[in-house]
Amino acid sequence: MEEKKHLEMAGPEDILKNPSYSCYFDKVQSTKKLPMSLQETLTDAFATISVSSFPQVPRGKVIEIQADQSVGEAIKILSEANILSAPVRQTEEVKTVDWREKYLGILDYSAIVLWVLEGAEFAAAALATGSATAAGVGVGAAGALGALAVGATGPVTAAGITVAAVGAAVAGGVAAGKGMSKDAASAADKMGEDFYKVLLEEEPFTSTTVRSVVKSYRWAPFIPVSADSSMLCVLLLLSKYRLRNVPVVERGEPSIRNYITQSAVIQGLERCKGRDWFDSIAAHPITELGLPFMSSDEMVGVEDTELVLEAFKKMKDNQIGGLPVVKGPEKKIVGSLSIRDIRYLLLNHDLFSNFRQITVGAFINTIAAAPHSTQKVVTPITCTLDSTLGKVIHILASKSVHRIYVVAGNGEEVIGVITLRDVISCFIYEPPNFFDNYFGSAAEVVVSN
């Protein structure tokens, strides 16, 4: 599928050659109104700080997901730990002293969104076929996932081959005897809780392993660094090169020692409050740092009247982790939707049995009214153009969110967004040929899967 070619980024060489990353970082550097001497001092300092000095993940142990666990089990692990991603390792039966043979990559909500969106269309197609016999394909055909383009409409016949796999998968004939329409989209509208039964309990979804999702829906390369690498390397990977997380490995050991995320770095910056170098930058209004780097014209948002699945599709198409929810012609911000919020659809199917019809507005209102709601999916986190960088960092760290929306003076119209990546970019620049030299000298520990 053409859709996936840009998602399966092969590794270090690919991210170094991606022109969009250089364009982004060049824009950041050209808009920062900071003395070059200060930027050079900070960059040199980060280059001397070892990754091994970065704080360990909570409880000192990296949460991992086994490659042969089901996607449903993986979703629960991520949700219960309140994390966006986790390394995927081979099963315990695979004995190795080499971490390159032990880990397959990273599973995150971005990959799950891709899988779910296509899975929804597959399930709809299955209802259109009506039975396993019509499909003509045996159960357990999980490998067929990913062959149908998102957005398919209308009945799909057995001639579609891969689509038929899910027809075979609807164990017990979900569609049989229910008088459902033979049109796939109509069938999915009436599917209700049966979708979740198929998705998390029946074949082939119970046999759809994390292994197959990681291989088919890779969002970004798996690029670990060694524990003796510099923090400048990590900060550049998390900012300029758009990685959301960087695993840390120890030379000669088969396990991931630490797992550094964009959020963890922002938390670390917040703890630097009171230090001269931090305060000298944090005191600047965001406009003096060129923030927001993304203007209102470039920003992708979602109307509260749009379907929630379309909102997740926008995130997938634009490779972004969240959207502001706006209302009316004045684009008043009424909420925020994150890619991780798809877990509410998957784990709270009693609330969202009509998942295909529910609007973004209804989705966030339902979550807000649900018991034990975190409110993060509802309340938009905002700042204004006169906010300081220090204030933005404090909000991002204290609220544990991944983006803050910049609003006009009336506090309602969204005029920009600041992400964790943007904030990290304010503190560093890339010295000439830095990664050419790094990847050349550390090739034995930086490997793509």
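Could you give the length gained by full extension between Ala408 and Asp98, i.e. 0.36 nm per residue of separation minus their alpha carbon distance, to one decimal place?
Gain on stretching Ala408 to Asp98: 106.4 nm.
Whenever you get a sec, line up Leu42, Leu84 from highest to lowest accessible area (probe 1.4 Å, protein heavy atoms).
The ordering from most to least exposed comes out as Leu84, Leu42.
How large is the accessible surface of Ser50 in square angstrom, using a 1.4 angstrom probe and rounding to the nearest 10?
40
Label Thr305 and Phe434 with points 7 Å out from Cα along Cα→Cβ: what is the distance between them in nm?
Going from the Thr305 label point to the Phe434 one covers 4.7 nm.
At a 1.4 Å probe radius, which order do Glu310, Glu430, Glu288 fall into by accessible area, largest first?
Largest to smallest exposure gives the sequence Glu310, Glu288, Glu430.
Could you compute how much accessible surface Glu40 exposes when probed at 1.4 Å, giving the result in Å² to the nearest 10?
80
Amide H to amide H, which residues 5 or more places from Ser226 or on other chains are under 5 Å from it, using H placed in the peptide plane?
Val249
When the chain is fully extended, how far beyond the present Cα-Cα distance does Glu288 get from Ile49, taking 0.36 nm per residue of separation?
83.3 nm is the gain from fully extending Glu288 to Ile49.
Give a residue-ordered list of calculated ³J(HN,Hα) values for region 71-86 (Karplus: 6.51 cos²θ - 1.76 cosθ + 1.60, θ = phi - 60°; whole Hz; x for Gly, Pro).
Using θ = phi - 60°, the values come out as 4, x, 5, 5, 4, 5, 4, 5, 5, 5, 8, 6, 10, 8, 7, 7 Hz.
Pulled fully out, how much extra length does the chain show between Glu298 and Arg271, if you take 0.36 nm times their separation in residues and subtract their Cα-Cα distance?
Stretched out fully, the Glu298 to Arg271 stretch lengthens by 6.5 nm.
Kindly identify region 232-336 as rounded, prolate or oblate by the Cα gyration tensor criterion: order the square roots of the eigenvalues as a ≥ b ≥ c, call it rounded if a/c is under 1.5, otherwise compare a/b with b/c, prolate if a/b is larger, else oblate. Please report the intermediate quantities before stating the final value.
Values: a/c = 2.80, a/b = 1.40, b/c = 1.99.
Oblate.
Convert each backbone phi in region 395-405 into a coupling constant with the Karplus relation 6.51 cos²θ - 1.76 cosθ + 1.60 (shift: θ = phi - 60°), then list the ³J(HN,Hα) values in order as whole Hz, x for Gly and Pro.
5, 4, 6, 6, 8, 6, 10, 9, 7, 10, 8
Show the residues, 5+ positions off or on another chain, whose built amide H is closer than 5 Å to the amide H of Gly105.
For Gly105, the qualifying residues are Val88.
Over region 229-355, what percent of the accessible surface lies on carbon and sulfur atoms, probe 1.4 Å?
Details: 2300 of 4780 Å².
Answer for region 229-355 is 48 percent, counting heavy atoms of protein chains only.
Modelled label-to-label distance, Met36 and Ser79, 7 Å Cα→beta-carbon offset: nm?
A separation of 5.2 nm, rounded to one decimal place.
Could you give each residue of region 271-284 its phi-based ³J(HN,Hα) in whole Hz, using Karplus coefficients 6.51, -1.76, 1.60 with θ = phi - 60°, and x for Gly or Pro?
My calculation for region 271-284 gives 6, 8, 4, x, 8, 4, 4, 6, 4, 5, 8, 5, 6, 6 Hz in order.
The values are calculated or read from the model by the stated rules, or taken from the named source; none is laboratory data. Keep in mind that this is a model prediction, so the values were computed, not measured. All Cβ positions, even for glycine, are placed from backbone atoms using ideal geometry, and neighbour counts span all protein chains on display. The accessibility values were calculated without ligands, DNA or RNA, using every heavy atom of the protein model including side chains. Shrake-Rupley method; radii C 1.70, N 1.55, O 1.52, S 1.80 Å.
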